[in-house]
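Participant: Quick one: the structure is below, questions incoming.
The values are calculated or read from the model by the stated rules, or taken from the named source; none is laboratory data. Note that the structure is a prediction, hence the values are computed from the model and not measured. Cβ coordinates were reconstructed from backbone atoms using ideal geometry, including for glycine residues, and neighbour counts include every protein chain displayed. Side chains are part of the model used for accessible areas, which takes the heavy atoms of the whole protein and leaves out ligands, DNA and RNA. Shrake-Rupley method; radii C 1.70, N 1.55, O 1.52, S 1.80 Å.
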Number of protein chains: 2
Amino acid sequence: MTSELPPHDLNSLFEPRSVAILGASSDPLKLGGRPIRFMKESGFQGKIYPVNPKNDEIQGLRAYPSVLDIPGEVDQAIIILPAKFCAQAMRDCAAKGIRMIQLFSSGFAEEGEHGQAMQEEVIQIARENDMRVLGPNCLGVVGVSNRFFATFSTALEALEPSPGVISIATQSGAFGSCAYSIAIQRGMGLSRIVATGNEADIDVASCIDYFATDPATRVICAAIEGCNDGNALRRALLKAADHGKPVILMKVGTSEVGVAAAATHTGSLAGNDTVFEAIFEECGAWRARSIEEMLDIAYFCAQLPEPSSRRAGIVTVSGGIGILMADDCEASQLELPALPDSSAKEIRALLSFAPIGNPMDTTAQVSAVKNGVTLVMDQILSQTDWPIMLLYMAQSAAAPVKFEPMKLELYKLREKYPERCFVLIGPSDAGVVKELEANGFAVLADPSRAVKAIGAYRQIVERRERLRRLPSGPGGSLPRLPDVGNETLAKSFLHEQGLPVLQEQLCNSPDQAAQAAMSLGLPVAMKIVSEQILHKTEIGGVILNLNSEAEVRQAYDTILSRARAKQPDAIIDGILVSPMAGDGVETILGTSFDPVFGPMIMFGLGGISVELFKDVAFASAPLKESDALALVDKVRGSALLKGWRGQAALDIAALTDALVKLSRVASDYSHEISSIDINPFLVRQQGGVCLDAVITRHM
Amino acid sequence: MTSELPPHDLNSLFEPRSVAILGASSDPLKLGGRPIRFMKESGFQGKIYPVNPKNDEIQGLRAYPSVLDIPGEVDQAIIILPAKFCAQAMRDCAAKGIRMIQLFSSGFAEEGEHGQAMQEEVIQIARENDMRVLGPNCLGVVGVSNRFFATFSTALEALEPSPGVISIATQSGAFGSCAYSIAIQRGMGLSRIVATGNEADIDVASCIDYFATDPATRVICAAIEGCNDGNALRRALLKAADHGKPVILMKVGTSEVGVAAAATHTGSLAGNDTVFEAIFEECGAWRARSIEEMLDIAYFCAQLPEPSSRRAGIVTVSGGIGILMADDCEASQLELPALPDSSAKEIRALLSFAPIGNPMDTTAQVSAVKNGVTLVMDQILSQTDWPIMLLYMAQSAAAPVKFEPMKLELYKLREKYPERCFVLIGPSDAGVVKELEANGFAVLADPSRAVKAIGAYRQIVERRERLRRLPSGPGGSLPRLPDVGNETLAKSFLHEQGLPVLQEQLCNSPDQAAQAAMSLGLPVAMKIVSEQILHKTEIGGVILNLNSEAEVRQAYDTILSRARAKQPDAIIDGILVSPMAGDGVETILGTSFDPVFGPMIMFGLGGISVELFKDVAFASAPLKESDALALVDKVRGSALLKGWRGQAALDIAALTDALVKLSRVASDYSHEISSIDINPFLVRQQGGVCLDAVITRHM
């Protein structure tokens, strides 16, 4: 599949045949010397052209006064010059026909206005000359398999990378080298590492896009602080998912301090954390909360086949750890089905005293049975289709010689069940781990981390089965939003768009109100309508259950005088008279325009569950019926809609229909509408109804 | 302090001067041979007496046909014989005057009824002869500093322990050796490790109690699956807290499968997980969720002084990791105050471009400043009293030679600020880590784990400042509980105990009800009273807001006929007429009798917050005023009581007073009361009131 693709426009970033270094240094320890040293030492097979007007030779290579003096084609230039010289260097590169630049230099947008101007200048040059730029202020690229060590990061000096299939793209260089270093220290293989710095052009999303079809990458790790082009990120994540490559992503800046720090660190928006999380899920990616978690999951994805279901079997040589792992499985949404009778019977024949179950605690008795552990595993694997087999092997793999016979039995098992995920848990000798890995096992010392990682892997596979594609933008001319400046107008607009509202009348006198009440039928509800009064209930502007003409007239006066007392400056459009809405559960339907990802839909229950318990879910607009249902199901409070404590189930179909239609409005009018709040939307046994609505336009 | 204490009764378990091994084997690889080999190889200084009737000599030591043949005193015996021979071995040990037994043998309670009987027999022998027993079915004891390697665990064969101040007590042997092996693999020092097995006598709590005054232990790790003596566990945890020793505790068996597995694995109760967590907190202990988390926290406690507040400073060489750590600090309740102006000014003088803040991102500019990183740290430390200093040092500590100058500067800083906690973060060379540790630093590669661990350490210190002592049991004769079999009786009893209730009348005719309503004053509420009808509202047995005598009469008939229709067999005690309770927020006050820890108090908000969001907190009874306030503060929904969205604050003092009095009832009547449900307890602007109450007795 990948061989049929046209060459990716970032090919020359990751796979250049020749590279010029502007600002090359003879000192292999200096910034301008390190990349040359790293590439030479690692055995990079492409051509390296140091550029420096002061030297003929640099680190044993012929040096050139200018890029223009280099003979032949140059795929990529690395610029390591003071910021003020970079524009000229870019022009030279353009003249030489170099289309890919790594701009390591700092002193640009990250250092204020002047730097910002210089950054714009170099990007302008790049645009005019069809050049792509990584950086500025970036750590560069490391390609492990092609030995392209184009970075000045000292991480390479401390730790030599080993080749693997996991690639890492991060905005922050430190983030990347932290992940890199931890990965290398624990013996994980890596493929490519890239840090994008200021992202004046190439961003993390572009790199994910490249990795999605990169034959050298099977698993993608990434970290972002914000995002300037939400749709590009979504497209890249979806592309990776389509190519079956798991993406494990970190997004930092969730806390108040974190968001403040993110704003000082990069120019990009930290964004709404919950929205990011929803988008990642829709695009099949997994959000990791720590670097170690990210690496654990990536490691499992690289080592193991895709788990085809959530079902797992646990075999342990002792009960306590099995119980811990069962707790962890529940937290990670893995299932531990009961052992089939046939397995139970065979295991009982092997181990007369062990408590038969899942987790299967073999007890110490297993040591008296030749190949006892693997026999037990085989009995479970042969009688089930559970894709996940977790073995807690205590410290047996920490003693290489003693572990030898068991290791060979494990290999046989692995060959017999090639489609299963074998996770081996327990502190192990580093050499043994390497061997087990080469034979298709994943090995971790800590049981909880192992369960969490395999659970996340399964979730990634599930997410891939329900990807949300990017909507095609509104076709043709954009619709004009009518006046929606008060509740009546907003509801009437939503009604036109297919959402259910009550039949109601805006009245401007007690007489009108009384007449309206009679024609709508008693009892009625009355409430103030004014663009300036957003919290009607709190000023006493809503009175329910009015049962007579007299009560209606009196309510008219009461509401009006309360409004005048509480908000004397408000322009009052009138008082709305409507039939009582009936029984049901109050929910909140909302839309917001996320600065990164555009129109989003929000759903939550009324009352305290949104404000106090943050029990709210987001999805990108527009929604299909099934998306709407998934959104509703994400909210814990939705239990109240589904026949709570013996009460009748409510009309979820009416709710999801309203969500779908609302999402269409948010999406069709995203150029005008900033947010819609339908609070409450009453879900009844039959149908639902918008009881209040506020629509705000973009500022 | 510890030197004044009398010798602990477990001294001869952990510090025997002489030990006999019954079932000693000449084969150093066999169960009966391993402990002898381990002790000999490790250099145990006490006397070792192998006992085996078939050999004169075992592994180079003189062997004895029976313990009775051993000359001189024997502090401890290790029994490694088939279960059926253990009773006789115990008798021999008793005759020899041995008071401490490690019973490694399996085949006891863990293997069913017959084993249970044998276990009872050996314990009976122990009781009669004033002997203590570890086990049966246990892995034994490892003392690293006294080289007492009295175990048959193969963990010792794989990994040689290094001495430290952390001791580990676990029920499950595998749990212990997993923690042991992970600790040793990561280079953590350990003091004592003990696995208690079936806990027929000595349990994890006894070991914690020992460690609390053990000079060789400064930090305690423990893992339990259940607990048979809740008060003993609490006393041990409190003792450790009183001696300033952090306890980090795991309790497994929280999931459905986990609890089921726990039940097959040990005879002890898995208990109510939330209750365990509340008790741990009251006793100053920290509950860890994974083995690695437990070890991380223990490591920080062992390495660092106690953090005197939650305030932390972060210094990083790059922004991204700083943001991640700021997010993690928020999650771990650590505070990142703004830098003092004086620090900011000095740092600005050093680093002209770096964004000044906390996290303090030095940017790469710091590399151009000699000792830049430590100078920045010094500027923060000298101008603040923040006890926690987190340094993300990228991979600099992974390159020992290059790190040398910075290391020396760090040591100076450490000496200058001996009372601060220095946490160094980043992948580091193992040798460098050892050195840094020897100089009082804690080092971890993953930023998130580091923040979590120091946050937990601070929480442990805070918990120690508000320990909940064990209540002294009810003095004198136990009070008799009157008849509380229906709502009226229950409320009247609670009223006698000082809890506020409405003045109300139980009526048996429409006339009586009308008369009551008139004397109480309209409007009134009416509800059915019957011991058989627990959910009054759901059968339509409650009518509120009755405004006239006629309405009251009619309501009487309506309620009665509904009750007869829905629950024809219920014995109806009458219909309660009470004044309307007024406005307020409905809360739930409850008590339960936990099988492990006795009477507990529960608090939550009414409505869905308890049932759907599990927003509920537990504490042990009885409560003081301040305990009650802390309990209320743990519930998120309590925000509704404190002036929610501009509403008036409610009478929290009335609520806590009710909780205190209720807790006293639960505690005084714990011999009779199984549970009390006050649902709802209405908290008003002035006062509160129990609107319903159900009291159940022990079955």
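Participant: Name the residue from B:Leu390, B:Asn358, B:Ala368 whose Cα lies farthest towards the positive end of the charge dipole of region B:316-440, charges +1 on Cβ of Lys and Arg and -1 on Cβ of Asp and Glu.
Facilitator: About the Cα centre, the residue reaching furthest to the positive side is B:Ala368.
Participant: Compute the angle between helix A:400-416 and the longest alpha-carbon principal axis of chain A, please, reported from 0 to 90 degrees and rounded to the nearest 10.
Facilitator: Approximately 60 degrees, to the nearest ten.
Participant: With the cut-off at 19 Å, report for region A:585-697 the share of all Cα pairs above it, as a whole percent.
Facilitator: Details: 2496 of 6328 pairs.
Beyond 19 Å sits 39 percent of the P(r) for region A:585-697.
Participant: Evaluate E = 1/(1 + (r/R0)^6) for A:Asn547 and B:Leu560, where r is the Cβ-Cβ distance and R0 equals 45 Å; express this FRET efficiency to the nearest 0.05.
Facilitator: On the way: r = 27 Å, r/R0 = 0.60.
Computed FRET efficiency for A:Asn547 and B:Leu560: 0.95.
Participant: Going by average Cβ neighbours within 10 Å, how do the peptides B:350-361, A:572-583 rank, with the highest at the top?
Facilitator: So the order, starting with the most tightly packed, is B:350-361, A:572-583.
Participant: For region B:385-435, count all C-alpha to C-alpha pairs, find those more than 16 Å apart, and express that count as a whole percent of the total.
Facilitator: Summing the P(r) tail past 16 Å for region B:385-435 gives 39 percent.
Participant: Counting only other chains, and only Cβ atoms inside 10 Å, what mean value do you get across the residues of A:394-407? Write down the numbers at each step before the final one.
Facilitator: Details: counts 9, 15, 4, 2, 9, 5, 1, 1, 4, 1, 0, 0, 0, 0.
Mean shielding by partner chains, rounded to a whole number: 4.
Participant: Turning to a different aspect of this structure: Under a plain spin-label model, where a point goes 7 Å from the Cα along Cα-to-Cβ, how far apart in nm are A:Leu81 and A:Gln497?
Facilitator: 5.3
Participant: Of the beta bridges DSSP finds with both residues in chain A, what % are antiparallel, to the nearest 5?
Facilitator: Details: 50 of 100 bridges.
Antiparallel bridges make up about 50 percent of those DSSP assigns within chain A.
Participant: When you have a sec, figure out the Kirkwood radius of region B:503-579 from all distinct Cα pair distances and drop it here in Å to one decimal?
Facilitator: Values: mean 1/r = 0.0837 Å⁻¹.
Roughly 11.9 Å, rounded to one decimal.
Participant: So who's got an amide H within less than 5 Å of the one on B:Ile48, skipping anything under 5 residues away but keeping other chains? H placed 1.01 Å off N, in plane.
Facilitator: Close amide H contacts, sequence-distant or interchain: B:Val19.
Participant: Also: For region A:1-137, with only Lys/Arg (+1) and Asp/Glu (-1) charged at the beta-carbon, what is the dipole magnitude about the Cα centre, in debye rounded to 20?
Facilitator: So the magnitude is around 420 debye.
Participant: About the Cα centre of region B:138-303, what is the dipole size in debye to 20, counting +1 per Lys and Arg Cβ and -1 per Asp and Glu Cβ, all else neutral? Each step should come with its number before you reach the end.
Facilitator: On the way: 11 positive and 18 negative charges, 84 e Å.
The calculated dipole for region B:138-303 is roughly 400 debye.
Participant: Using just the Cα positions, wrap the protein assembly as shown in a convex hull and report its mean projected area in square nanometres, one decimal place.
Facilitator: Numbers: hull surface 237.6 nm².
If I average the Cα hull's projected area over directions, I get 59.4 nm².
Participant: Ok, one more. Could you work out, residue by residue across A:605-611, how many beta carbons of other chains sit within 10 Å of that residue's beta carbon, and then give the average as an integer?
Facilitator: Details: counts 2, 0, 3, 12, 5, 0, 4.
Per-residue shielding by partner chains comes out at 4.
Participant: Turning to a different aspect of this structure: Which residue in chain B puts its Cβ closest to the axis that rotates chain B onto chain A, and at what distance in whole Å?
Facilitator: B:Phe613, 3
Participant: Continuing with this model, one more query. Estimate for me the total accessible surface buried between chains A and B (protein heavy atoms, probe 1.4 Å, no ligands or nucleic acids), in Å² to the nearest 100. Could you put the intermediate results ahead of the total?
Facilitator: On the way: alone 29990 and 29970 Å², together 54070 Å².
Buried: approximately 5900 Å² between B and A.
Participant: I've got another one for you. Using a 7 Å offset from the Cα along the Cα-to-Cβ direction at both B:His671 and B:Leu481, what is the distance between the two label points in nm, to one decimal?
Facilitator: Each label point lies 7 Å from its Cα, and together they span 1.3 nm.
Participant: In addition: How much space per residue, in cubic angstrom, does the convex hull of the C-alpha atoms of chain B take up? Present the calculation step by step, with values, prior to reporting the outcome.
Facilitator: Working: hull volume 131.6 nm³, N = 699.
Cα-based convex hull of chain B, divided per residue, equals 188 Å³.
Participant: Let me ask something additional. Normalising by the residue count of region A:1-137, find the relative contact order in percent from Cα pairs under 8 Å and 6+ residues apart.
Facilitator: Numbers: 242 pairs, mean separation 28.5, N = 137.
Once divided by the residue count of region A:1-137, the mean separation gives 21 percent.
Participant: Quick check on the protein assembly as shown: of the DSSP beta bridges with both residues there, what percent are antiparallel, nearest 5%?
Facilitator: On the way: 100 of 200 bridges.
Counting DSSP beta bridges with both partners in the protein assembly as shown, the antiparallel share is about 50 percent.
Participant: Quick one: if the Förster radius is 41 Å, what FRET efficiency do B:Ala331 and A:Gln685 give, using the C-beta to C-beta distance and rounding to 0.05? Walk me through the intermediate numbers first.
Facilitator: Values: r = 41 Å, r/R0 = 1.01.
E between B:Ala331 and A:Gln685, to the nearest 0.05, is 0.50.
Participant: Here is a follow-up. Taking only Cα atoms, what is the 0 to 90° angle, nearest 10, from helix B:341-350's long axis to the longest principal axis of chain B?
Facilitator: Relative to chain B, helix B:341-350 is tipped by roughly 40 degrees.
Participant: Another question, then. Averaged over A:175-185, how many beta carbons belonging to a partner chain fall within 10 Å of each residue's beta carbon?
Facilitator: Details: counts 7, 2, 8, 13, 2, 2, 8, 6, 1, 3, 7.
Per residue, the number of nearby Cβ atoms from other chains is 5 on average.
Participant: Separate question: Where does each of A:489-502, A:429-442 land if you order them by average Cβ count within 10 Å, highest first?
Facilitator: Numbers: A:489-502: 18.6, A:429-442: 16.8.
So the peptides A:489-502, A:429-442, ranked by packing, come out A:489-502, A:429-442.
Participant: Can you compute the FRET efficiency between A:Glu57 and B:Ala639 using 1/(1 + (r/R0)^6), with r the Cβ-Cβ distance and R0 = 60 Å? Round to the nearest 0.05. Before the final figure, lay out each step's value.
Facilitator: Working: r = 71 Å, r/R0 = 1.19.
For R0 = 60 Å, the calculated efficiency reads 0.25.
Participant: Under 19 Å Cα-Cα from A:Lys345, which lysines qualify once same-chain neighbours fewer than 8 residues away are excluded?
Facilitator: Qualifying lysines at Cα under 19 Å: A:Lys370.
Participant: Continuing with this model, one more query. Taking the convex hull of the Cα atoms, report for region A:305-464 its projected area averaged over all directions, in nm². Before the final figure, lay out each step's value.
Facilitator: Values: hull surface 33.2 nm².
Its average projected convex-hull area is 8.3 nm².
Participant: Related question: Sorted from largest down, what three extents in whole angstroms do the Cα atoms of region B:1-136 have along their principal axes?
Facilitator: Principal extents (largest minus smallest coordinate, Cα): 46, 40, 24 Å.
Participant: Same structure again: Tell me which lysines have Cα within less than 19 Å of A:Lys40's Cα, excluding those fewer than 8 residues away on the same chain?
Facilitator: Straight-distance partners of A:Lys40: A:Lys30.
Participant: Calculate the spin-label point distance for B:Glu41 paired with B:Lys416, positioning each point 7 Å from the Cα along the beta-carbon direction, and give it in nanometres.
Facilitator: Distance between label points: 4.8 nm.
Participant: Oh, and also: Using only the alpha-carbon atoms, how far is helix A:256-265 inclined from the longest principal axis of chain A? Give it as 0 to 90 degrees, nearest 10.
Facilitator: 60
Participant: Still on this model: Want the number for A:Val401 to A:Arg469: 0.36 nm per residue separation, take away the alpha-carbon distance, what's left?
Facilitator: Values: separation 68, 0.36 × 68 = 24.48 nm, distance 5.23 nm.
Value of the extension gain: 19.2 nm.
Participant: Work out the length of the dipole vector of region B:316-440 about its Cα centre, built from +1 on the beta-carbon of each Lys and Arg and -1 on the beta-carbon of each Asp and Glu, and round it to the nearest 20 debye. Spell out each step's value before the answer.
Facilitator: Numbers: 10 positive and 16 negative charges, 92 e Å.
Dipole size: approximately 440 debye.
Participant: Multiply the residue gap between A:Asp341 and A:Asn11 by 0.36 nm, knock off their C-alpha separation, and tell me the result in nm, one decimal place. All intermediate terms of the calculation are to be shown ahead of the outcome.
Facilitator: Values: separation 330, 0.36 × 330 = 118.80 nm, distance 5.53 nm.
Stretched fully, the A:Asp341-A:Asn11 segment lengthens by 113.3 nm.
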